[in-house]
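Asker: Take this structure, written in structure tokens, and hold onto it; I'll ask about it next.
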Amino acid sequence: MTANHTLVESPIGALTLVAEDGALTGLYFPHHWYRPDPATFGPCVEQGVEHGVGHGIEHGVEHGFNEARAQLTEYFAGERRHFDLPLRAAGTEFQQRVWALLHRIEPGRTTTYGELAAVLGDPALAREVGAAVGRNPLSIVVPCHRVLGKGGKLTGYAGGLARKRFLLDLERSDAALAGTLF
């Protein structure tokens with residue numbers, strides 16, 4: 001498997017997208033809390049197509065970033081509520097279970113770490129759920145920003161609380177326009 005990455009401008013700063021074999025494996029903010037070593041991201045490609053030679057990848061090969069870039073643009077414009085991209089997030093079995101629950105949280109809605117722990121069958125797992133949510137490598141696409149602390153408190157986010165608030169406000173505005181109650 002060969003990793004590649006690209007940068008995508010957004011209203012919340014430049015996003016680094018990482019993919020392997022056409023599947024998105026990472027989406028990171030500047031100063032992301034748990035950002036892997038950029039050396040693992042592979043060569044940088046622009047607009048989804050690698051520029052230059054010498055990276056062991058055929059020049060001009062599409063790497064799967066064009067669709068991710070398009071869907072992110074639609075999302076930030078309020079035109080997309082769900083992502084439809086091939087994803088491959090590396091994590092433990094527990095992390096995978098938590099991340100699967102994140103996909104079930106509808107835009108414009110939120111839940112808490114404790115509520116996710118209860119769905120997993122043990123409310124005492126709230127801290128472990130929080131750790132798994134914090135290690136989500138696919139921010140925005142796997143909507144970890146929709147998870148709040150006890151009592152609905154805006155708590156930690158790998159991209160920072162200002163970005164979390166922006167994403168929640170964007171989705172609430174979008175949901176209100178669509179007539180969704182939350």
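The values are calculated or read from the model by the stated rules, or taken from the named source; none is laboratory data. The model shown is predicted, which means the values in this text are computed figures rather than measured ones. Cβ coordinates were reconstructed from backbone atoms using ideal geometry, including for glycine residues, and neighbour counts include every protein chain displayed. Ligands, DNA and RNA are excluded from the accessible area calculation, which covers all protein heavy atoms including side chains. Shrake-Rupley method; radii C 1.70, N 1.55, O 1.52, S 1.80 Å.
Asker: Which members of segment 98-112 meet the condition of being touching a residue at least 24 places away in the same chain (Cβ under 8 Å) and either open to solvent by 60 Å² or more (accessible area, probe 1.4 Å) or within 14 Å of the chain's Cα centre (by Cα) (or both)? Explain how you work it out, then say what you get.
Answerer: Filtering segment 98-112 down to residues touching a residue at least 24 places away in the same chain (Cβ under 8 Å) leaves 98-99, 102-103, 105-112.
Across segment 98-112, the qualifying residues are Val98, Trp99, Leu102, His103, Ile105, Glu106, Pro107, Arg109.
Asker: Go over the candidates Leu72, Leu101 one by one and state the one that is closer than 19 Å to Gly130 by Cα and modelled with pLDDT of 95 or more. Walk me through it before giving the result.
Answerer: Values: Leu72 fails: closer than 19 Å to Gly130 by Cα.
When all the criteria are applied, what remains is Leu101.
Asker: Provide a single number: the residues in segment 118-171 that are outside any helix (DSSP H, G or I) and not basic (Lys, Arg).
Answerer: 21
Asker: Okay, moving on. Quick one: in segment 37-48, of everything that is in contact (Cβ under 8 Å) with a residue 40 or more places away in the chain and either under 15 Å from Leu138 (Cα atoms) or of a type outside the set (S, T, N, Q) (or both), which residue is surrounded by the fewest Cβ atoms within 10 Å (Cβ to Cβ)?
Answerer: Just the residues of segment 37-48 that are in contact (Cβ under 8 Å) with a residue 40 or more places away in the chain, to begin with: 42, 44-48.
In the following step, the residues that additionally are either under 15 Å from Leu138 (Cα atoms) or of a type outside the set (S, T, N, Q) (or both) were identified as 42, 44-46, 48.
Working: Gly42: 20, Cys44: 15, Val45: 23, Glu46: 11, Gly48: 19.
Checking each candidate, the answer is Glu46.
Asker: Please go through segment 113-157 and pick out each residue that is open to solvent by less than 30 Å² (accessible area, probe 1.4 Å) and out of contact with any helix residue (DSSP H, G or I) (no Cβ under 6 Å at 6 or more places or on another chain).
Answerer: Gly134, Pro137, Leu138, Ser139, Ile140, Val141, Arg146, Leu148, Gly149 - these are the residues of segment 113-157 that are open to solvent by less than 30 Å² (accessible area, probe 1.4 Å) and out of contact with any helix residue (DSSP H, G or I) (no Cβ under 6 Å at 6 or more places or on another chain).
Asker: Just the residues that are of a type in the set (Phe, Trp, Tyr) and modelled with pLDDT under 95, please, taken from segment 114-172.
Answerer: Tyr157, the sole residue that qualifies.
Asker: So which residues in segment 21-36 are open to solvent by less than 50 Å² (accessible area, probe 1.4 Å) and either modelled with pLDDT of 90 or more or of a type in the set (D, E, K, R) (or both)?
Answerer: Answer for segment 21-36, where residues must be open to solvent by less than 50 Å² (accessible area, probe 1.4 Å) and either modelled with pLDDT of 90 or more or of a type in the set (D, E, K, R) (or both): Ala23, Leu24, Thr25, Gly26, Leu27, Tyr28, Phe29.
Asker: Count, please, the residues in segment 49-68 that happen to be open to solvent by less than 40 Å² (accessible area, probe 1.4 Å) and either at pLDDT 90 or above or touching an Asp or Glu at 6+ places or on another chain (Cβ under 6 Å) (or both).
Answerer: Adding up the residues that qualify gives 3.
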